[in-house]
Structure formats: structure tokens, C-alpha cells
Amino acid sequence: MGQGKPGWRVAAATLVLVAVAGFGGVARAGTDPQTPANTLIDGTTDTVTNIDPSGNYNYGTDTVDREIFQHLLGYKPGSTVPSPVLATGCKADATVTEWTCTLRQGVTFQNGDKFTSTDVAFSFERLIKIHDPSGIWSLLSNLKSVTTKGPYSVTFHLKQPQSTWEYILTTIAGYIVDHRVYPADRLLPDSSTQIGTGPYRLVKYAPGQDAVFKAWKGFWGTQPKVPNLIITYFSKSSTMKLALQRGEIDMAFRDFTPTEYASLAKTKDLRVLKGPGVAIRYLVFNVTRPPANSLAVRQAIAYLMPRETIANRIYHGNVTPLYSMVPAGMPGHIDAFTTVYGKTPSVAKAKAVLEKANVKTPVAITLWWTPTHYGEASAEEYTEIERALDASGLFQVTLKSAEWATYAKTLGAQYDAFQLGWFPDYPDAEDYLVPFYGTKSDFLSNGYSNPKMDAILGHEKAATSTGERMKYVREAETLAAEDVPIIPYWQGAMIAVARPDVHGIQGTLDPTFIMRFWLLSKS
Amino acid sequence: MPGAGISLKSYLLARVALVVPTVLILLTLVFVLMRVAPGNPVSAALGGHVPPAVIKQIARQLGYDRPLYVQYGVYLWHIVHGNFGITITDRRHVTRIIAVNGAATLELTVAAMLVALVVGIPGGLLTGRFRDRPIDAVGRLFGIVLYATPVFVLGLLAQIVFGSVLHWLPISGQASPLTEATLQAHTNILVIDAIIDRNWPALRDVLRHLVLPAATLGLVFAGVFLRLVRVNVIRTLKDDYIEAARARGVRERAVVYRHAFRNALVPVVTVIGLEIALLLSGAVLTETTFNWPGIGHELYIYLENRDYAAVQGIVIAFGLVVVFASLLIDFVNAFIDPRVRYQ
Amino acid sequence: MSVALGSGRQPRPRWLRGGTAIGRALRPIAEAHGFARAMLWSGAALTAFFVVLAIFAPWLSPYGFDQYRSGKELFPQLAPPSARHLLGTNVQSTDVLAQVIWGARTELMVVALALLFALSLGVPLGLFAGYFGGIFDRVLVLLMDAMFAIPSLLLALVIAFLLGSSIASGVLVASLAITIIYVPQYFRVLRNHVASVREEPYVEAARALGARPLTILIRYIFFNVIQTVPVLATLNAADAILTLTGLGFLGYGVQPTQGAEWGYDISRAVADVASGIWWTALFPGLAIVLLVTGLTLLGEGLNETINPVLRQRATAKVEFEATTLEPGGP
């Protein structure tokens, strides 16, 4: 009945063939795209807010800024003492309220403008003036004014004596910008070209996607070993892991889950590199409200804190148990909590201290944590703490979580006990004590106020020699363990995972927590 | 033939007029939803280094304490002028986000739609024609199971098989980091950008990245088209005029292919319009799974950061896209099928 | 001329044959054959399986959904399937089989709740808007259409996100989020159906006889239009499960401390899969696919059997006795 083949069958067959051929042609990988030798591609799950250094206060943006801009002082790899960058040296006067820095000569910005003291004064003044909602200006709270003397000398006038001012100059608030390019009273939009003195120029920025950097000829320092740098942003660490395994990125820094680290360690062809950790995790109590207003309750929890379990089971050894707010590796660290509470959890001692204070058990307490800001393992972390406390029979724990935006603005105002993390603005013990234990800082709103502690911290800030400062640091740590408004429980390692052709990472993994991309090379 | 019908022109005018109240309601809905939420937007921008009291102060500064009707007025005024606001966490213009990331979502959804049509329509035609035969059962089951598989499960499977096991295809991003960094962004639809630049290695890279996400999202919807076309084929095959054609002695094959199939395809256009909303929903999950830099992905991140301004702008953008796409589809439909107008 | 039924066919049971309402309603199902029948029964079986899991979870599941140890012994983390843990354990050291079984309960509970809310809101609104028309109808239609314009997962996401901070129960949050997506659907279907049925002659007649609007609505229209609801509800249930697991995957809705949720389990398992651990993702994923498939098959099967357009009546073979056709004769 029919003449010839029905058209549709041929058409369908052709379609299928074309599809298969197309898919096959496109899919045949052969080898994965190798990244060229002159380009270093780093993956990260960090996020960037806005690049203008006066308008951000987070690690991801700081990483980007660090390639483009520079500070007056910085850290040589492996050292935690500020050393010259844009300034050749800084000196305090006798009152330790006036710091004068001599600036490096012959430095130019990426657009050819000369670097002078005007830029320095301008950068600090604008940061305070802009008063950005990120709160970065709080780092400069002790700065009264900045004056210049000639093109290569700058003086910082402080409100209170501070021997650690040089450290402040190395923080995220200390970047120097070109006064001819950046507005004095508002942020430069990300779509405009960013101009700094740093080793890399930002040539392309796609928010949430990637930031592309290129080395530039007029840089006053040593040229970066790899002329092109790309930082790729991932929203999920699992995708970053697969990208790393496929060779689409050369290295990844921040942040994989503990399971992923364990798996990466077993992958041949990839190296997991660890350095000393200065990020800490701790549990804060509001000491003005029950049940944590009872010292005995806090001490009991300190006796029961399952540090080893958390470090080993949850984090697979990527964090180490922490026994003081000041992490190990930081000058001035002592294992204060071990001295006061012992190294391992003890139900007997917890029971004893509660009985002695006539506290009725089980004590009902609500622990708060936040699901994404500190990594997904926070869920397991707090489950582990709950289990340890409940299992002792002395506590009845309720776990609650709130997502970061609500969490961050509530903290001690409503939560009785809550999780927090911290990594330092500058690598000094002071940055682990003053924000948390000083009555005036109120960063946690946890109501802790001890005049004795304030006195110690005051002495520390005013001390003139490092030895003297460390003495007060240790005193503060011991008192902090005794009063226990906060229980620190782990410090994290700085971990980067890289393909074998990337070199130099181990050298940059140090307590300053800076990934110095300009020192890395590829073979 | 019915006498006075509604002319195409008056139908179109009436339809366009309907858009205004729809859009207004949409905007108001979103505004109310966003304002009803507890918590304020400012805390998202912080690194946990700032005391809560300061946060409150800053929120007041940014105007989140003005009376609601004032905020509403300002909001509408801005939108009418094309200002969808600025995100709080990273100070980007929402319109810019929509332009850049929206292009990525467009690339994904168009490719997925193609996959869905290419798989679903022939499948529907086949299963409808051979109803109740084995091929029908297989085809329908295929369609149902595919739709029942959440797009993130299918995506995960695809990633494992084609990424980790076979190493054939990349499983994240719109292009490899290198290509993304070096390709010029003209339209932000990377396939087109690569073609404009005649950058063939980049085109290949971009297409390879597109395969899995588009196939994943597309296959899920292929099932929908399959079922739809199938039902229509069945319905059409029962129609009187088909009987009439058979009675006239037209060959069965011609009956099926020339009459039934063609008419069965008409509703597909409508369904494409309906599916746009679903496709955008699916895009959020697909983009999150494949790290595709589309607008669904951005929404997810802004939600996490409680960036109300961003969420508001993006949801409005989605809604508007759907409203105008439906409008377009209705136009096309009214043009093709006169019956639509007589409602 | 007489007609004899073909061989092999038993006469139908009386209650199905006759005039009872249930008989009339169920007859299409009994008459279903072919693929529609296969779909209906396999869909029903799959759905029933999960319903049983959900109802009898405390007895069927070897462990609690958040149980991480038995007695003193802690469960291993991410252990492969074994005798003690049939489907393995996940990153929280809970048993995967327990997550799947208790997850069934969470899913079905949320969806049942959501459908209940959506029906009790959408059906009355649709009925009234469709019958009485006027400005009320216009406004509602506009409102519902505007809600349709927002992609459903997005709407649910935004609502879950907003409610999640004020309502403690994740189940309630998820239910409400899903309710709001589906109300427009029921409303629209009901309203359109009522609007067309309203013009039917028998309704006109009732009105002419002086019946009150409410009576007409309930007695005539409601039972007429309600037929479409079961199919819609079943298909919506399938879709709702996908939305719910989508929410869970993105981290909204039911929180892990409140109940097992398959989507959330998969989101935690994504990282595992990249490390070669497959059991934490496969089983919840399979559960979702099976349950949704079951519901869809059930819904499609119902649709084929009830929907007159698609329905294929059981045909009885009819044999004609040979007759001679004579003009004027019987």
C-alpha cells in the first residue's frame, strides 16, 4: 500500500545518529584539559563581597585584595613578626601613642602613579570615613589621626598606647590604595579597575565565578613565579573536589569537608599539605542567665568536653584539641584548660563539681550552632557534644540551630550557649583575648565582666616588651580557664590540596594564615 | 461557522491588559513576603567580628525601619525604573546579576528544553501511536520514572558515571576555569560568545560543560512532554475528522502522520510556556548540583546569606520572565489555534 | 435480533452493576484493562508499600532515625552495608535503612498535611469563585495566576525560608510551603470546572425550580466536579514529594533533628559520593524515585480509568445472529 519508506523512520534514525555522533564527538575527552604552565588555578569555596579594601571583612575578599594591594608591614613566610613591605620600618615614641613609619621609595601603583605618604594617610582616613557595614573600621578603633611629613614619612596618632600597633598595620584594614583612583567617602564599585601596588593586577572579576590576575612589569618586588593566577569560586566543596581530581584546577585552599580531606589524602596524584592552624572553635556561655550563670555548670561542661572525639571522629584529625583560647604555635600559648580541668573528659569530676555547688541534675541547657557558616560538620560537632553531655547523665541538652544571618546578630543576646569560630586579624595572642574577655568589647554579648581580667588585659596592651606582654597573656589564659565563660575545643590546621606540579605551598603554610600565591610555582 | 468571533487584535489587547494587574500582584506578593520575615538584612554582611548593637545601628542607617508603605512606594518606583536594587552582601546591582547569571540560566534552560523536546516529542508520538503495545509501556514508564527522579539525584548519577567513572565529561561550571577566564563576555551566553569569537577550543569546552546539566534537566522534562504528546495523539486519533479521513479511505499511515501528529503538536507550544516556570524551578537544583553560575544558584546563595534585596530582585525577575513568556505563548497560540480566542 | 454475550465473560457483581454511587464510581476501575490497569495496580502497590513503611515505622525500622548507638556501642560512621546495618551508615553515624523508613513517614506526613490544607483552601475557594463569579472571582483568579507565575520550588523555598525562622516544626513549615504552591492549582481546576458545569441544563433547571445557591453548589455541582480531585491530588502528591525533597536538598524545611528527610540525606551524601561512598546517596535516592513513580503510576492509572477521554471501556464481544434483512420486517 505504501510507496517507499515512511519519511519519519528515516528522519528518526538520522536524528539518533546525529545525536550520538554529536555527543560522542563532544564527549571524547582524550585527556583532560591541562592547565598551562604559566597559569596557576586555585579553587576555593570562600566568597568575596566587594573588592575595595575599605569595604570588606572576610577571608575570601582578603585573599583577592592581597594579590592587588599591599600593607605597610607584612610577614615573611614562617614568621609571625611584622616585617617591612611598603614601609621600611616603624617606630613608636616614648608614650607608645605615636607610631612613625618610613616609607619605601620608588614604588609605583599598577597605573603608574607614584606611591607616597598621601596614599597612606588617604587609605586609613577613608576606611574610617566610609564606616562600612562590614565593621572593618573597628580594627582601627584606636586610631585618632594620620599625619604625613614629606612624601615618605607617615605618623599614626593613637588614642591609647598600643605596643602591638604594627600588627594592626598588617591586618585587613591596612591596605594602601591609590588616592587618585579611590573615592574618599565611598567604595569603588567592583566593575571599576582596582589599582594597588601588589604583585598581581586584577584583569577580570566575575562575581561568584572567578578572579583573574596577571603579573605586571612595574612591580617593585620580586615578580611572582607564575605570571597568571586564576581563583575559581565553588559553591560546593564536592564539585571543587571533582574539579581538582580532573585537573581543571591546580590546587584548592579552603574548604573541604573532613570526609573529603580523608578521601583526597588517599588519592594518588594529589597532595594534602597541612600547616599550623590558627583558626579556633569554641563554645560561648551567657554568664548572666541560667543555667550557665552557674560557674559549676560551666566547669562541669569543661570537664566533659569531648575534644578528642570531635577532632578524630568528626574531623578525621584535621583539627587538634585546643586547651586555651590562644592556639598552640602562637607565642604565649599555654594549655590552660588542661591545667585546670585535665586533658580527657571526666564524668566523675563533673559530677563532683555539680554536687559541691548543689546543682540539681540533669541540668537542662540549650546549645546553639549554625549550619553552614562554619562548615557542614558543625552538625556532627554539636551532636557529639550533646551526646557527651547527655551520656554523663548530668545534662539534658537541646540542640538548636539558626542560619548565619540571624545567628550572627543574636549571639549572647538570646542564646544561652553557642558555637563560634575565629581566625585572627593578626597573628598575636592579643587578638584571641581582648575581643572575648574584655568587658568593653561586647562582641559576644555574653555578659562576661571581670575587673581582674580587664586589669590583666590593660597591662598587656600597655606593656612595652614582648616578654612582659607574654607574661600577662599567660595570666589571662589561666584566669580565662578558671572563669570559663568560653570553652575552646579545637584549632584547625591550614590545609591546601594540590597537584604534584605545584610547588612552594608548604612554605607559605604558617600561623599567619596567608596563602602567598606569588611565591608558588609550577613545574 | 460561528459568526462574530473575537478578532485576534482585540484578544491580544485584552491579554496584554491582563499583564499589568498580574505583575502588580506579583510585586506586592514578593514585597510582603520579604518584609514579613524576621531578622534584618544587615547581619549577613558581617564576618562575625561586630557586636549586635552596631548591626542594629547600621540597619537603621540603611532605612529598614521606615514605615512599610514608604518602603513599598520606593520599591515600586525603583522597579518601574528598572532598578531592582543592590544586594547587601556583595553590593552588586540585581539587574547586573540577572543579566550575567540570567544568561547562564538561559543557556541551560534552552539547551534543556531542546533535549526535552528531542526526546519527549518523538517518544510521545511513538507511544501514542502504538498505544498499549510494549513500546508504549516502555516509553511511558521511562517518562514517569525520569520525572520521578529528582533532578539532583539524576545529576549526581550523571556526575558519577560520566565524571568520576568514565572521565568523559566535566561535571561542574559553565566552562573550565581557564576558558571562563579567557573568553570574552559579549552576551554571557558562552556558546554564542565562543562562536562570535570563532574560538573553537573554547566552544568545544563550553559545549562539553553544557552536556550533563542540560541533559539532566532536559530528561526530567522529556517525560512531561512525552506524556502530553501521547495523550494528545490518543485524543486526536479518536477525533471525528480522523474517522472521517479513514472513512474516506485515506491510508492509516497518512492519517496518523499527516493529520493526527500535526494536531497533537499544537498544545506543545502551550506546554512549553507552562513548563518555563517548572524549568526555572528545576534550574535552581540543577545549577546547585553542577555549580552552574546561573540565577537559581545565585538565589540559593543569597537565600543562605539572607540577602533580602537580592532574593526579592531575583524572585521578581523570575516571575516577570514567566509572565511575559506566558504572554508570548498565548499570542502564538491564539495565532495558531483560533479556538483559543473564543473563551 | 438478539444479542448473545461472547464467551468467557462473567456477569458483573450486582453492586458494581447497579445504581449505587460507589458502584458507579468504582466501575471504571474494575473495567480497566491493559496498561492502564497495570499502572493502576503497580502504582497502588508501590504507594501502599511506602504507606505501610510510614505507618509502621517504629516497628519496621531497626533503629531510630537519629539513633547513633545501641547500648554502649557507637555506630560506625559511613560504614558500608553489613549485617547490623543493612544499608550502611551515614556521616552522622545513623543507620541508612532507618533513615529511609522514617523518611517515608516524614514525606507522607508532610504531603498529606499539605494536600489537606491545600484542598480545604483551594476547593471551597474554587467552588465559590466558579459559581458566583463577579469581582471575587476576578480578584482570586488574578491572585492565583500571579502565584502561578513564580516557579513553584522558588516559592516554596522562599516561604520555607521565611517561616523557618519563626515556626519551630520543620514538618509544618514544609507543609505550609507546599500548600501555598498547590492551592492555585486546585482553585483553578475547580473554578474552571464549576464555571462550565454551571451552564449545564440540569443546573439551570435547579435554579429555575428555586433551589438555593448553596444547595445547588453542594448537591449538584460539588459531586460532579469532585471527580477530578483524586487524580489531581495523587499527581500533586508525587510532585509535592519532589518539591519537599528539593527543599530538603537545599537545606530548608524539615531539619535533621526533627525527622529523617530523604532530600537532606542526599545533600549530605553528595560529598560522600565523590569519595566513593555510594550507599548514603543511592538508597534515599531510590526511595524518592520509587515513591514518586508509584504515586504517578497511581495517578496516571486513575486518570486513564476515570477520565472519559482516555478511557477505554471494556468491550464485550458481541455476536450477531445471522438475520435476513427484509424490508419492512423486524
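The values are calculated or read from the model by the stated rules, or taken from the named source; none is laboratory data. Everything numeric here is computed off the predicted structure, so don't read it as measured data. Here the Cβ positions follow ideal geometry from the backbone for every residue, glycine too, while neighbour counts run over all protein chains shown.
Table: residues versus (1) more than 19 Å from C:Trp279 (Cα to Cα); (2) surrounded by fewer than 24 Cβ atoms within 10 Å (Cβ to Cβ); (3) out of contact with any Leu (no Cβ under 7 Å at 6 or more places or on another chain).
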residue: B:Leu126; (1), (2), (3): yes, yes, yes
residue: B:Phe130; (1), (2), (3): yes, yes, yes
residue: B:Ile135; (1), (2), (3): yes, yes, no
residue: B:Gly143; (1), (2), (3): yes, no, no
residue: B:Gly155; (1), (2), (3): no, no, yes
residue: B:Ile160; (1), (2), (3): no, yes, yes
residue: B:Leu166; (1), (2), (3): yes, yes, yes
residue: B:Pro170; (1), (2), (3): yes, no, yes
residue: B:Ser176; (1), (2), (3): yes, no, yes
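Put simply, of C:Val141, C:Val183, C:Val173, C:Val110 the only residue that is under 20 Å from C:Leu250 (Cβ atoms) and either within 14 Å of another protein chain (Cβ to nearest Cβ) or small (Gly, Ala, Ser) (or both) is C:Val173.
Taken together, C:Val189, C:Val171 contain a single residue that is over 18 Å from B:Ala277 (Cβ atoms) and not aromatic (Phe, Trp, Tyr), which is C:Val171. Quick check on the range A:123-140. Is at least one of its residues among the hydroxyl-bearing types (Ser, Thr, Tyr) and surrounded by fewer than 22 Cβ atoms within 10 Å (Cβ to Cβ)? Within the range A:123-140 (the criterion being among the hydroxyl-bearing types (Ser, Thr, Tyr) and surrounded by fewer than 22 Cβ atoms within 10 Å (Cβ to Cβ)), the answer is yes, since at least one residue qualifies. Across the range C:161-195, the number of residues qualifying as more than 21 Å from the chain's Cα centre (by Cα), within 20 Å of B:Val315 (Cα to Cα) and of a type in the set (Gly, Ala, Ser) comes to 2. Within the set C:Asn307, C:Asn236, C:Asn303, the sole residue that is within 30 Å of C:Gly133 (Cβ to Cβ), within 18 Å of the chain's Cα centre (by Cα) and modelled with pLDDT under 70 turns out to be C:Asn307.
The conditions of being buried (at least 21 other Cβ atoms within 10 Å of the Cβ) and of a type in the set (Gly, Ala, Ser) are not met by B:Ala185. Being at pLDDT 70 or above, within 18 Å of the chain's Cα centre (by Cα) and either surrounded by fewer than 21 Cβ atoms within 10 Å (Cβ to Cβ) or among the aromatic types (Phe, Trp, Tyr) (or both) is not true of B:Val315.
Screening A:Ala211 with (1) crowded, with 20+ Cβ neighbours inside 10 Å; (2) under 30 Å from A:Ala379 (Cβ atoms) gives one miss only, at (2).
Return a yes/no flag: does the range A:390-401 have any residue that is within 20 Å of the chain's Cα centre (by Cα) and modelled with pLDDT of 90 or more. No, the conditions are met nowhere in the range A:390-401. Of the helices (runs of 4 or more DSSP H) entirely within the range B:135-205, those holding at least 1 residues that are more than 20 Å from A:Leu242 (Cβ to Cβ) and at pLDDT 80 or above occupy B:190-196.
For (1) surrounded by fewer than 19 Cβ atoms within 10 Å (Cβ to Cβ); (2) over 30 Å from B:His209 (Cβ atoms); (3) modelled with pLDDT of 70 or more; (4) basic (Lys, Arg), each residue gets a yes or a no:
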| position | (1), (2), (3), (4) |
| --- | --- |
| B:Asp240 | yes, yes, no, no |
| B:Arg248 | yes, yes, yes, yes |
| B:Leu274 | yes, no, no, no |
| B:Asn291 | no, no, yes, no |
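Count of the range C:211-257 residues, restricted to those that are surrounded by fewer than 18 Cβ atoms within 10 Å (Cβ to Cβ), touching a helix residue (DSSP H, G or I) at 6+ places or on another chain (Cβ under 9 Å) and farther than 19 Å from C:Val123 by Cα, is 2.
Which one is nearest to B:Val19 (Cα to Cα), of the residues in the range C:149-158 that are at the interface with another protein chain (Cβ under 7 Å from one of its Cβ atoms) and without any contact (Cβ under 8 Å) to a residue 60 or more places away in the chain? Out of the qualifying residues, it is C:Ala149.
Based on this model, can you work out whether C:Leu78 counts as surrounded by fewer than 22 Cβ atoms within 10 Å (Cβ to Cβ) and farther than 24 Å from A:His316 by Cβ? In short, no. Beta carbons closer than 9 Å, at least 6 apart along the sequence or on distinct chains, pair a first residue in the range A:456-477 that is within 19 Å of A:Lys91 (Cβ to Cβ) and without any contact (Cβ under 8 Å) to a residue 60 or more places away in the chain with a second that is surrounded by fewer than 19 Cβ atoms within 10 Å (Cβ to Cβ) and not small (Gly, Ala, Ser) for A:Glu468/A:His459. Between a residue in the range B:6-35 that is at the interface with chain C (Cβ under 8 Å from one of its Cβ atoms) and buried (at least 19 other Cβ atoms within 10 Å of the Cβ) and any residue that is charged (D, E, K, R) and in a helix (DSSP H, G or I), which pairs come within a Cβ distance under 8 Å, given they are 6 or more apart or on different chains? From the range B:6-35, the pairs are B:Thr22/C:Asp145.
Taken over the range A:108-162, the criterion of being of a type in the set (Lys, Arg) and more than 29 Å from the chain's Cα centre (by Cα) is satisfied by A:Lys114, A:Lys149.
Tallying residues that are of a type in the set (Lys, Arg), under 29 Å from B:Thr149 (Cβ atoms) and within 14 Å of chain A (Cβ to nearest Cβ) within the range B:205-255 yields 1. Annotation for the range C:31-45: at least one member residue is in contact with a Leu (Cβ under 7 Å, 6 or more places away or on another chain) and modelled with pLDDT under 70. Considered as a group, the residues in the range A:136-153 that are assigned to a loop (DSSP other than H, G, I, E, B) and touching a helix residue (DSSP H, G or I) at 6+ places or on another chain (Cβ under 8 Å) include one that is nearest to A:Phe513 (Cα to Cα), and that residue is A:Asn142. Tally up the residues in the range A:34-69 that are more than 21 Å from B:Asn291 (Cβ to Cβ), touching a strand residue (DSSP E or B) at 6+ places or on another chain (Cβ under 6 Å) and either within 8 Å of chain B (Cβ to nearest Cβ) or surrounded by 20 or more Cβ atoms within 10 Å (Cβ to Cβ) (or both), please. Counting residues in the range A:34-69 that are more than 21 Å from B:Asn291 (Cβ to Cβ), touching a strand residue (DSSP E or B) at 6+ places or on another chain (Cβ under 6 Å) and either within 8 Å of chain B (Cβ to nearest Cβ) or surrounded by 20 or more Cβ atoms within 10 Å (Cβ to Cβ) (or both) gives 2. Does B:Leu108 fit the bill of being in contact (Cβ under 8 Å) with a residue 60 or more places away in the chain, away from chain A (no Cβ under 14 Å) and either part of a helix (DSSP H, G or I) or buried (at least 23 other Cβ atoms within 10 Å of the Cβ) (or both)? The answer is yes for B:Leu108. Is it fair to say C:Gly103 is within 14 Å of chain B (Cβ to nearest Cβ) and in a helix (DSSP H, G or I)? Yes. Note on the range A:53-82: residues that are over 25 Å from A:Pro227 (Cα atoms) and not aliphatic (A, V, I, L, M) total 8. Residue-level analysis places C:Gln67 among those that are over 17 Å from the mean Cα position of the chain (by Cα) and at pLDDT below 85.
Checking the stated criteria, A:Ala243 turns out not to satisfy the condition of being more than 8 Å from every other protein chain (Cβ to nearest Cβ) and touching a Gly at 6+ places or on another chain (Cβ under 7 Å). In this structure, B:Gly128 qualifies as over 30 Å from B:Thr95 (Cα atoms), in a helix (DSSP H, G or I) and touching a residue at least 12 places away in the same chain (Cβ under 8 Å).
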